[in-house]
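Here is the structure we will look at, set down as structure tokens.
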Amino acid sequence: MKAHFKAAVCCTLILSMYIGAMIAPAANIARAAAATETATTTATSPNAEPDVEPATTTMQENPIKPPDGLAFHLSEGAEQPEKHEGSTTTPAETLSEGQSAAVLTRLPPVAADAADQQEFKFRAASLPAPRTGSTIPVKFPQAEAGPAADPTAAGPLSVLRMQPTGDVPLAPQLSVTFSQPMVAVTSQEVAAQTVPVQLSPLPPGKWRWIGTKTILFDPDFAGGRFPMATEFKVTVPAGTRSATGGILGAAKTWSFKTPAPIVQNKYPLNGPTRRDTLMFVSFDQAINPVAVLPTIKVSAGGRPIATRLATEAEISSNPAIKSLAAQAQKGRWLAFRAIDASGNTQDALPSAASISVNIGPRVPSAEGPLTSEKPDGFSFATYGPMKYSSHECGYNKQCSPFDSWRIEFTNPIDGASFSKATYKVEPDVPNLKFSIYNDTIYFEGAKQGRRTYKVTIDGALKDTFGQSLGQPFSVTFNVGPAPTMLSAQGGQFVVLDPSGPPRFSVYSVNQPAVKVSLYAVGPEDWTGYINYLRSENNYYDEKNKQKNPPGRLIYSKNVPVAMKPDEMVETPIDLRPALKDGLGHCVLIVDATVRRDKYDRDRILTWIESTQIGLDAFVDANDLMGWATNLKDGKPLSGVEMSIYPATKISEKAHASRTLLDRIINWDQVEKETDNALTEFISGAQNDRTADNGLVRIPLPTVSTPDKQNLLVARQGRDVAILPEQTEYYGGGYSWFRRAQPDELRWFVFDDRKMYRPGEEVHIKGWMRIVGGGKT
């Protein structure tokens, strides 16, 4: 028994070795063939790298050599249940009834609800089964023709609409609409075989039906339109029959006409230009330059000048013509130039002459037989000798020290030939600057008034054509007095430099004195100040203007100016009478005593704040974040009281203190009452003190007034600073009040490409989300 078993095992091993020896070479041959085919395919693929050489090893040379590297075989995978490695199940045991009862007793009792017990709700009854229909054995679509239409029932056929008709600037397509269906509902290829319209001349294109009543002709011409310069005749013959049997009694005939060539651009214009300049004309349609040139006549003083077409090299070397040709459509322009009797182009145009270029009539088109009926043209001038032309300063013969000097020549100036060494000014003007624009030299600088200046230009000055001036020449400028002027810096709300004295500088020209009015004000006067600004700038309602600004008038007097004729001088205005210990607020009005004319409105009107507190604010929909710093060094200020001064609830006592002006003359008492009222307001308002970093958060008021703004007030001892929401009298749209922030819907969409062809499918993806309003 053991011997038989050993013999069977031996036979099995020998058989497996024999089968392996027979199969292995075949497998290696298959793999090698696959590798060779892959290499050959890779080498001959159009996407292969150019430096990859095709495989040359054949199966005869190495029939069983396996491919180098790793071989991967891919196939469709099947989803497998997920296996959790390393997870163990915790042993559990069933609780006894006593243990379960102990757990349930810890739960709160279930509250009973009357709605807990309801009648069982049955579902709605099923719908009845659909009734059985009958099958109609009819072939669809029917192959046989339908019954013949009755001509008498259909009525006569007519043409309802046709486009275009008459003279049209552009004809993209021809459209004819009939009163009855002309073709059956079928494919476009079959329907297009029925064309009841005759078009003459017939340009390349194709007919197509829009529905069963309207036929279109789409011309296959440049730009998808009918040719220009052509008159087309359209006819629908008599006896034309509709698909329902209607007949057209009389022929329908009309025509439309596209325009002959029209000039669109031309060059050069004005001048002066070179005497061998190239000329350029472009049209609204294709033209043949050789055929168009004979219809263009160039002349100077009535004398004709011969021309020829410009060569490609001449066009490419001329930047202006090259740019114009690039802007015009291909085949719609021509460039040409003048020639003399010998055919030369150098100086073919006369010097210092007016050149006329007449275009047409009868300009031919390359698209159709019609020619232009109306002439067109342009003119330009050629350059002459380089000469002085004119000079000017100011306007209306009034030359002030601040006006520029202008010296004009006959030809454009070569800027490279002009420098500080090319001109001389007597007497000298410090920091005089010059600039060149085309044929004019401009001199800018502050000159002295009531003085005559002499400007000499050297003869080396050249024009852009290479000609020099030749001889030097001189011109004089008589500078008159400077116009009166009054100005200041800072606008309508100014904060003084805390390191300097409490003064405000105004600047004037030719003013012997200025009228100064100074008012002491406080934060409660800001709204009145804005209203006064608005009234002052309302030039259309002079009768209802507000006479005086808010606050207490300190003085109104003329302040002398250390005037220097025609020079700007600075006049400091002392503000200490309106301040207390150098701190406080005032409104300053400065008027000119000498005015240019009755329309002169030179006036300085500004609110001035003298404080040591630098104030800034950041506002959201609910709160205001105030920030106080030291104006001298920028360090944060702590312990500064801040509040939002509501424009809708101005302190009654602060206003009441102003009425003391009518009862007492004790100005110190007025200041004391006003100060106490402001202190009482700040202490009673919603306020807080700044932290060590100078910041404080204050809730915004809940009430808003469209035409009034709130004010941030900061106080440290006797120093009170304000920060208005706006400093301009115009505008509105104030926002220092609480605002509800609604939710916002935001979206983002992107596509797979930015450009699509007509008829392509567009793929769009995106998202939308809601952004909740509020601080977060």
Kindly evaluate residue 330 against the criterion of being free of Cβ contacts under 8 Å to residues at least 40 places away in the same chain, under 17 Å from residue 265 (Cβ atoms) and surrounded by 12 or more Cβ atoms within 10 Å (Cβ to Cβ). no
Looking at the range 596-608, can you tell me whether even one residue there is open to solvent by 40 Å² or more (accessible area, probe 1.4 Å), part of a strand (DSSP E or B) and at pLDDT 95 or above? no
The range 166-218, residues that are in contact (Cβ under 8 Å) with a residue 60 or more places away in the chain, within 48 Å of the chain's Cα centre (by Cα) and open to solvent by less than 70 Å² (accessible area, probe 1.4 Å): 166, 168, 171, 174, 176, 178
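Could you tell me which of the residues 355, 407 is closer than 30 Å to residue 476 by Cβ, part of a strand (DSSP E or B) and open to solvent by less than 30 Å² (accessible area, probe 1.4 Å)?
Working: 355 fails: closer than 30 Å to residue 476 by Cβ.
The conditions single out 407.
Tell me the residue from 249, 271 that is touching a Ser or Thr at 6+ places or on another chain (Cβ under 8 Å) and of a type outside the set (A, V, I, L, M, F, W, C), please. Break it down into steps so the answer makes sense when it comes.
Working: 249 fails: touching a Ser or Thr at 6+ places or on another chain (Cβ under 8 Å).
Answer to the selection: 271.
Residues checked against (1) over 30 Å from residue 471 (Cβ atoms); (2) under 42 Å from the mean Cα position of the chain (by Cα); (3) at pLDDT 95 or above:
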position: 341; (1), (2), (3): yes, no, no
position: 347; (1), (2), (3): no, no, no
position: 357; (1), (2), (3): yes, yes, yes
position: 364; (1), (2), (3): yes, no, yes
position: 378; (1), (2), (3): yes, yes, yes
Can you find even one residue in the range 736-753 that is assigned to a loop (DSSP other than H, G, I, E, B), of a type in the set (Gly, Ala, Ser) and over 30 Å from residue 618 (Cβ atoms)? no
Please go through the range 547-591 and pick out each residue that is free of Cβ contacts under 8 Å to residues at least 40 places away in the same chain, farther than 13 Å from residue 506 by Cβ and either open to solvent by 80 Å² or more (accessible area, probe 1.4 Å) or assigned to a loop (DSSP other than H, G, I, E, B) (or both). 547, 548, 550, 551, 553, 564
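Hey, which of the strands (runs of 3 or more DSSP E) in the range 442-521, taking only ones fully inside, have at least 1 residues that are open to solvent by 70 Å² or more (accessible area, probe 1.4 Å)?
451-457, 473-479, 503-509, 513-521
The values are calculated or read from the model by the stated rules, or taken from the named source; none is laboratory data. Here the structure is a predicted model, which means the values were calculated and not measured. Backbone-built Cβ (ideal geometry, glycine too); neighbour counts: all protein chains shown. Keep in mind that these areas ignore ligands, DNA and RNA; they rest on the heavy atoms of the full protein, side chains included. Shrake-Rupley method; radii C 1.70, N 1.55, O 1.52, S 1.80 Å.
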